[in-house]
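Asks: My questions will all concern the structure given below.
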Amino acid sequence: MAVYRTWSVFPVVAEPAHRVSSRTNPAEVKAERKSHSIPVRIRETEAAWIVMADVPGVSADAIGIEYYQDRLTVRYERKAADEADSKFDDRVYGSFERVIRITDEIRSSEIAAKLENGVLRLEIPKSEALRPRTIPVTQG
């Protein structure tokens with residue numbers, strides 16, 4: 001079972017399990033890593049959480065998104081091109097994954113994902129209970 005640590009800046013996000021490893025040797029952490037982390041930016045609006053994930057060179061049908069209990073998982077795999085004439089290749093290949101722990105009440109059936117220009121945009125709508133509302137004041 002993976003261990004998740006909540007960030008203090010974003011209380012709805014947990015770092016991938018390989019980033020909270022108890023090992024201090026970077027070579028050991030890299031060797032035990034089964035997937036690379038997907039870089040994300042998360043922001044909050046009144047109605048939803050917006051997650052922007054960098055997925056360069058990946059098609060929409062290669063991305064898997066799953067929501068189960070309180071975790072939203074985004075994963076994909078980028079395979080190395082078989083180019084024998086390459087002199088240098090600095091790109092990262094393999095499995096990529098990001099787990100986002102959502103502690104707030106959301107409408108999971110309305111989570112939407114859109115891929116545009118190598119950026120995956122996830123909109124996670126908040127439940128009505130979390131949305132701010134205006135209460136009218138009457139005289140009398």
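Asks: Let me spell it out: the conditions are (1) surrounded by fewer than 10 Cβ atoms within 10 Å (Cβ to Cβ); (2) at pLDDT below 90; (3) in a helix (DSSP H, G or I), and Glu28 meets all of them except one. Which number is the exception?
Replies: Of everything listed in (1) surrounded by fewer than 10 Cβ atoms within 10 Å (Cβ to Cβ); (2) at pLDDT below 90; (3) in a helix (DSSP H, G or I), Glu28 misses just condition (1).
Asks: Sticking with this one: Is it the case, given these coordinates, that Val99 is out of contact with any helix residue (DSSP H, G or I) (no Cβ under 9 Å at 6 or more places or on another chain), of a type in the set (Val, Ile, Thr) and closer than 19 Å to Ser35 by Cα?
Replies: So Val99 fails the test.
Asks: Applying the selection to the range 91-107, what residues are among the aliphatic types (A, V, I, L, M) and either in a loop (DSSP other than H, G, I, E, B) or farther than 14 Å from Val51 by Cβ (or both)?
Replies: Residues satisfying the conditions are Val92, Ile102.
Asks: For the range 72-90, what are the residues that are farther than 17 Å from Glu44 by Cβ and either touching a residue at least 12 places away in the same chain (Cβ under 8 Å) or within 16 Å of the chain's Cα centre (by Cα) (or both)?
Replies: Thr73, Val74, Arg75, Tyr76, Glu77, Arg78, Lys79, Ala80
Asks: Could I ask something else about it? Mind counting the residues in the range 44-54 that are over 12 Å from the mean Cα position of the chain (by Cα) and either exposed (fewer than 13 other Cβ atoms within 10 Å of the Cβ) or of a type in the set (A, V, I, L, M) (or both)?
Replies: 4
Asks: Moving on. Mind listing whichever residues of the range 55-72 are surrounded by 14 or more Cβ atoms within 10 Å (Cβ to Cβ), out of contact with any helix residue (DSSP H, G or I) (no Cβ under 9 Å at 6 or more places or on another chain) and part of a strand (DSSP E or B)?
Replies: Of everything in the range 55-72, those that are surrounded by 14 or more Cβ atoms within 10 Å (Cβ to Cβ), out of contact with any helix residue (DSSP H, G or I) (no Cβ under 9 Å at 6 or more places or on another chain) and part of a strand (DSSP E or B) turn out to be Ile65, Arg71.
The values are calculated or read from the model by the stated rules, or taken from the named source; none is laboratory data. In this text, all values refer to a predicted model and were calculated from it rather than measured experimentally. For neighbour counting, all protein chains shown are included, and Cβ atoms are generated from backbone atoms with ideal geometry for every residue, glycine included.
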